[in-house]
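Student: Before I ask anything, let me first share the structure, which is written out below as structure tokens.
The values are calculated or read from the model by the stated rules, or taken from the named source; none is laboratory data. In this text the structure is predicted, and so the values were computed from the model without any measurement. A quick note on method: Cβ atoms are made from the backbone with ideal geometry, for glycine too, and the neighbour counts reach across all protein chains shown. The protein model used for the area step is the full one, side chains on, heavy atoms only, and it has no ligands, DNA or RNA in it. Shrake-Rupley method; radii C 1.70, N 1.55, O 1.52, S 1.80 Å.
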Amino acid sequence: MRYAVLVCGPAGAGKSTFCSGLLNHLSASKRTAHLVNLDPAANPESHEYEPAIDIRDLISLEDVMGELDYGPNGGLVYCFEYLLENMDWLEEELGGYEDDYLVFDCPGQIELYTHHPFLPTLVRDLQRMSIRVCATYLLESQFMEDKYKFFSGVLSAMSAMVNLEVPWINIMSKMDLVTSHSDDPASGRNGIRKRKDIARYLDPDPLLIAAPLGGSSDLAISSNPRFHALNQAIVQLIEDHPLVSFLPLDLTNPDAIETVLSHIDYTMQYGEDEEPKEPHDLDEGDFADME
């Protein structure tokens with residue numbers, strides 16, 4: 001059984017860094033994993049690991065922009081259309097991997113997850129190849145600095161979840177840049193927050209943007225009264241459909257990576273259908289008498 005983890009999220013969320021951290025952790029755990037780059041605009045130097053499969057071997061954004069005179073957004077859409085028209089290429093590339101983790105580093109164009117059918121079609125093709133698929137969606141901790149920006153991220157994660165229809169894990173990345181101490185060496189670049197405050201973002205509390213008319217909260221004073229009804233509607237939507245919660249990810253902490261990996265394993269039921277494997281040195285040493 002093969003397993004695919006789609007690493008999704010907006011640009012700058014730390015997807016490529018997370019892929020490298022996950023591959024390092026899997027390697028340290030004696031598990032076989034491979035990187036699949038699905039970003040035709042990726043910088044070759046952005047990956048710590050060389051991709052085992054790279055969409056740029058099929059088509060690159062640079063070539064599309066140069067030959068067809070497309071912009072970056074239109075070029076990415078064209079690249080994915082081209083990939084879906086040539087899925088036999090991807091199927092052939094994936095054919096040599098068995099019982100392996102395949103970590104797919106996806107592009108950061110949010111429309112690909114929320115508006116276009118490309119990734120859902122790709123997921124169906126992977127499932128047709130008997131590959132179990134799970135998706136992770138990264139949102140960086142800097143979003144917690146602006147409540148409205150944060151909830152736009154929550155809604156984009158919800159939209160992508162509904163669009164892809166696969167087991168899904170949301171991750172709050174770069175948590176090493178958030179601190180609860182003003183004298184922390186990291187200087188709290190993404191904010192100084194108490195544990196209780198962080199919990200309201202990891203399990204989104206819609207009341208963060210609920211500013212009642214005539215309210216005296218800081219949010220009510222700073223926000224435009226015309227948006228109160230819209231905020232209330234968003235609050236109601238999130239309360240009626242509580243689909244989004246986040247796992248904190250600090251790549252400097254191996255326990256945080258292990259927690260994320262254990263959730264990925266659980267959602268894909270990793271290893272439940274596997275047969276025990278014989279040791280490679282069965283005919284040597286202590287195993288010689290077992291034949």
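Student: Inspect all residues belonging to the range 72-91 and state whether any of them is hydrophobic (A, V, I, L, M, F, W, C), open to solvent by less than 20 Å² (accessible area, probe 1.4 Å), on the phi < 0 side of the Ramachandran plot and under 16 Å from the mean Cα position of the chain (by Cα).
Tutor: No, the range 72-91 contains no residue that is hydrophobic (A, V, I, L, M, F, W, C), open to solvent by less than 20 Å² (accessible area, probe 1.4 Å), on the phi < 0 side of the Ramachandran plot and under 16 Å from the mean Cα position of the chain (by Cα).
Student: Moving to a separate point now. Collect the residues in the range 30-59 that are hydroxyl-bearing (Ser, Thr, Tyr) and free of Cβ contacts under 8 Å to residues at least 40 places away in the same chain, keeping them in residue-number order.
Tutor: Hits for the range 30-59 are Ser46, Tyr49.
Student: Quick check, is Ala211 more than 23 Å from the chain's Cα centre (by Cα), modelled with pLDDT under 65, of a type in the set (A, V, I, L, M) and open to solvent by 30 Å² or more (accessible area, probe 1.4 Å)?
Tutor: no
Student: Name the residues in the range 131-141 that are within 16 Å of Val103 (Cα to Cα) and either open to solvent by 50 Å² or more (accessible area, probe 1.4 Å) or of a type outside the set (A, V, I, L, M, F, W, C) (or both), would you?
Tutor: Arg132, Thr136, Tyr137
Student: Could you say which residue among Asp146, Asp99, Asp105 is touching a Leu at 6+ places or on another chain (Cβ under 7 Å) and acidic (Asp, Glu)?
Tutor: Every option except Asp105 fails the conditions.
Student: For Met172, which of the numbered conditions (1) surrounded by fewer than 18 Cβ atoms within 10 Å (Cβ to Cβ); (2) in a strand (DSSP E or B) fails to hold?
Tutor: Of everything listed in (1) surrounded by fewer than 18 Cβ atoms within 10 Å (Cβ to Cβ); (2) in a strand (DSSP E or B), Met172 misses just condition (1).
Student: Which number in (1) among the basic types (Lys, Arg); (2) assigned to a helix (DSSP H, G or I); (3) surrounded by 18 or more Cβ atoms within 10 Å (Cβ to Cβ) marks the one condition that Arg124 misses?
Tutor: Looking at each condition in turn, Arg124 falls short on (3).
Student: Looking only at the range 245-266, count how many residues are closer than 14 Å to Ile171 by Cα and either at pLDDT below 90 or hydroxyl-bearing (Ser, Thr, Tyr) (or both).
Tutor: The qualifying residues number 3.
Student: Of everything in the range 93-118 that's charged (D, E, K, R) and under 22 Å from Leu76 (Cβ atoms), which residue is surrounded by the most Cβ atoms within 10 Å (Cβ to Cβ)?
Tutor: Asp105
Student: A further question on this structure: It is to be established whether one or more residues within the range 227-243 are modelled with pLDDT of 75 or more, open to solvent by less than 40 Å² (accessible area, probe 1.4 Å), within 18 Å of Met144 (Cα to Cα) and touching an Asp or Glu at 6+ places or on another chain (Cβ under 6 Å).
Tutor: For the range 227-243, residues modelled with pLDDT of 75 or more, open to solvent by less than 40 Å² (accessible area, probe 1.4 Å), within 18 Å of Met144 (Cα to Cα) and touching an Asp or Glu at 6+ places or on another chain (Cβ under 6 Å): absent.
Student: List every residue pair whose Cβ atoms lie under 8 Å apart, where the two residues are 6 or more positions apart in sequence or sit on different chains, the first residue falls within the range 60-77 and is free of Cβ contacts under 8 Å to residues at least 40 places away in the same chain and among the acidic types (Asp, Glu), and the second residue, located anywhere, is open to solvent by less than 60 Å² (accessible area, probe 1.4 Å) and not in a helix (DSSP H, G or I).
Tutor: If the second residue must be open to solvent by less than 60 Å² (accessible area, probe 1.4 Å) and not in a helix (DSSP H, G or I), the pairs left are Glu62/Ala41.
Student: Give the range 1-51 a look and list any residue that's charged (D, E, K, R) and closer than 24 Å to Leu177 by Cβ, or say none. Talk me through it step by step, then tell me what you get.
Tutor: Here is the first cut: in the range 1-51, the ones charged (D, E, K, R) are 2, 15, 30-31, 39, 45, 48, 50.
Lys15, Asp39, Glu45, Glu48, listed by residue number.
Student: Something else now. If I go through the range 142-163 residue by residue, how many of them are without any contact (Cβ under 8 Å) to a residue 60 or more places away in the chain and open to solvent by less than 10 Å² (accessible area, probe 1.4 Å)?
Tutor: Residues in the range 142-163 being without any contact (Cβ under 8 Å) to a residue 60 or more places away in the chain and open to solvent by less than 10 Å² (accessible area, probe 1.4 Å): 2 in total.
Student: Would you check which residues across the range 26-38 are outside any strand (DSSP E or B) and open to solvent by 30 Å² or more (accessible area, probe 1.4 Å) and list them?
Tutor: Ser27, Ala28, Ser29, Lys30, Arg31, Thr32 - these are the residues of the range 26-38 that are outside any strand (DSSP E or B) and open to solvent by 30 Å² or more (accessible area, probe 1.4 Å).
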